[in-house]
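Data block below; observations after.
Laboratory data are not the source of any read-out in this text; all were calculated from the coordinates shown. Note that the coordinates shown come from a computational prediction; the quantities given were computed from them, not determined experimentally. Note that we place each Cβ from the backbone using ideal geometry, even for glycine, and neighbour counts take in every protein chain shown.
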Amino acid sequence: MVIRPSIWYPSIAGAATNSHFYVKDSKNYVEKTEVNQTANTNSWVSLGNYTFEEGSKGFVFVNTSEANGN
């Protein structure tokens, strides 16, 4: 099954321009996506398309220690 994980973030002062989101799919492939959180605010932003098998434990996470903003 193809899943399209998306994130939503508000418009705030000091938002990061290089937030790093990671997606782990059902084949243990982890992809890092850099997101500028000062662009496309107050809307859903796609992180791409990924294959997840039913019952798999894929996930999305953000590493805040790599970001340059709040």
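Given the alpha-carbon gyration tensor of the chain, what are the semi-axes of its equivalent ellipsoid in whole angstrom, ordered largest first, with each equal to the square root of 5 times an eigenvalue?
Numbers: eigenvalues 121, 33, 12 Å².
In descending order, the three semi-axes are 25, 13, 8 Å.
Can you check what the net charge comes to around residue 52, using other residues whose Cβ is under 12 Å from the Cβ of residue 52 (Lys, Arg +1; Asp, Glu -1)? Spell out each step's value before the answer.
Working: positive: 4, 24, 27, 57; negative: 25, 53, 54.
Neighbour charge sum, excluding residue 52 itself: +1.
What is the packing order of peptides 49-59, 32-42, taking the mean over residues of other C-beta atoms within 10 Å and listing the highest first? Show your work: numbers first, answer last.
Numbers: 49-59: 12.5, 32-42: 14.0.
Result, highest mean first: 32-42, 49-59.
Once R0 is set to 22 Å, what does the formula 1/(1 + (r/R0)^6) return for the Cβ-Cβ distance between residue 65 and residue 29, expressed as a FRET efficiency to the nearest 0.05?
Numbers: r = 22 Å, r/R0 = 1.01.
Here the calculated transfer efficiency is 0.50.
Distance between Cα centroids, the range 45-70 to the range 1-36: provide it in whole Å.
5 Å
Quick one: putting +1 on the C-beta of Lys and Arg, -1 on the C-beta of Asp and Glu, what dipole do you get for the chain around its Cα centre, in Debye to the nearest 20?
Details: 5 positive and 6 negative charges, 7 e Å.
The calculation lands at about 40 debye.
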